[in-house]
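Below is one structure, written out as structure tokens; the observations come after it.
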Amino acid sequence: METRIDEIASGIFRLSTFVAEAGPKGFTFNQFLVLGDQPLLFHTGPRRMFPLVSAAVARVMPPERLRWITFGHYEADECGAMNEWLAVAPHAEVAHGQTACMVSLNDVADRPPRILQDGETIDLGNGKRIRYLDTPHVPHGWEAGLLYEEGTGTLLCGDLFTQLGDGPALTEGDIVGPAIVAEDMFRSSSLSPSMGATIRRLAALAPRTLALMHGPSYRGDGAAALDALADDYDRRIAAPPAISPSPPAG
Ligand SMILES: [Fe+2]
Ligand SMILES: [Fe+2]
């Protein structure tokens, strides 16, 4: 496996590792490095991928300079290597919303996490400023939250728009259709009544770039793509898939 590096917006680097064995067409695992006076990593990569991901970061900047370790929600691909990063970057802090800190990170992070309030911003310096947004249960996990980089208009959108296979680092093509195919297959999202509203709140940011954790980054009308995704979830919530009942016991 190798980790490819591409600058998908000014000063935002996508580190992408394609795992051919994952799923029917393989799957990309992407981390995003936001450069600034206080560099930020969104997604740590799984613990076992740390040698690959840290070597990729080292091609862009000294890993020990990392200041912020962030991610969408508490799963291995999002944050499995969190403590490895805390060990190599002595000034780094894990930062996440109140729920993630209270439920998991206060216990599992080797240093106390920094709690971010919904809508709170951190000025990373050098024109980079990130805003934290609570997105409970979107796409899954009650602790879920995302980051928006205001300077470049980039939404670090985690598992939203997850798609199968490998592809370009950056596309202006359709990302909604492939996300619908993947959701049909994995059913990884927590369908809940507030899902559409949560995604439309992200659309209101009118992002110019969407940085997908599993798929290419997208440049274009981010609001339209998010609204279309919200519409698809509304459709699923209105007509949830049938679950076949278990056979009677005995
Ligand atoms: Fe996830
Ligand atoms: Fe993920």
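The values are calculated or read from the model by the stated rules, or taken from the named source; none is laboratory data. Since the model is a prediction, treat every value here as computed from it, not as a measurement. Glycine gets a Cβ as well: all are built from the backbone with ideal geometry, and neighbour counts include every protein chain shown.
Taking the criterion of being over 13 Å from Leu205 (Cβ atoms), in a loop (DSSP other than H, G, I, E, B) and under 13 Å from the mean Cα position of the chain (by Cα), the residues of region 120-140 that qualify are Val138, Pro139, His140.
Please indicate, with yes or no, whether at least one residue in region 5-14 is part of a strand (DSSP E or B) and in contact with a helix residue (DSSP H, G or I) (Cβ under 6 Å, 6 or more places away or on another chain). Yes, that holds for at least one residue.
Candidates Ala179, Ala144: the one that is at pLDDT 95 or above and within 21 Å of Val94 (Cβ to Cβ) is Ala144.
Within region 66-79, residues that are within 19 Å of His137 (Cβ to Cβ) reach partners that are assigned to a helix (DSSP H, G or I) and within 7 Å of ligand 1 (Cβ to nearest atom) with beta carbons closer than 8 Å, at six or more positions or on different chains, in the pairs Phe71/Glu78; Gly72/Glu78. Pairs are defined by a Cβ separation below 7 Å, a sequence spacing of at least 6 or placement on different chains, a first member in region 134-157 that is on the phi > 0 side of the Ramachandran plot, and a second member that is among the small types (Gly, Ala, Ser) and surrounded by fewer than 24 Cβ atoms within 10 Å (Cβ to Cβ); the pairs so defined are His137/Ser190; His137/Ser192.
Mind checking whether some residue in region 88-97 is aliphatic (A, V, I, L, M), more than 19 Å from the chain's Cα centre (by Cα) and over 23 Å from Arg129 (Cβ atoms)? Scanning region 88-97 turns up at least one residue that is aliphatic (A, V, I, L, M), more than 19 Å from the chain's Cα centre (by Cα) and over 23 Å from Arg129 (Cβ atoms).
A quick yes/no check of all residues on (1) closer than 19 Å to His73 by Cβ; (2) of a type in the set (A, V, I, L, M, F, W, C):
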| site | (1), (2) |
| --- | --- |
| Glu2 | no, no |
| Thr28 | yes, no |
| Leu35 | no, yes |
| Gln38 | no, no |
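Sub-7 Å Cβ pairs linking a first residue in region 102-119 that is outside any loop (DSSP other than H, G, I, E, B) to a second residue that is of a type in the set (D, E, K, R) and modelled with pLDDT of 95 or more, at least 6 apart or interchain, are Val103/Glu143; Ser104/Glu143; Arg114/Glu93, ordered by first then second residue.
In the set Ser16, Ser10, Ser54, only one residue is away from ligand 1 (no atom under 16 Å from the Cβ), over 30 Å from Asp184 (Cβ atoms), in contact with a Phe, Trp or Tyr (Cβ under 9 Å, 6 or more places away or on another chain) and polar (S, T, N, Q); that residue is Ser54. For region 202-211, filtering for residues that are touching a Cys at 6+ places or on another chain (Cβ under 9 Å) and in a helix (DSSP H, G or I) leaves 1. Condition test on Ala81, is it surrounded by 15 or more Cβ atoms within 10 Å (Cβ to Cβ), over 19 Å from Gly145 (Cα atoms) and either modelled with pLDDT of 95 or more or in contact with a Ser or Thr (Cβ under 7 Å, 6 or more places away or on another chain) (or both)? No, not satisfied. A single member of Val88, Val57, Val94 is within 14 Å of Val34 (Cα to Cα), touching a helix residue (DSSP H, G or I) at 6+ places or on another chain (Cβ under 7 Å) and buried (at least 16 other Cβ atoms within 10 Å of the Cβ), and it is Val57. Residues of region 176-201 that are part of a loop (DSSP other than H, G, I, E, B) and under 15 Å from the mean Cα position of the chain (by Cα): Ser188, Ser189.
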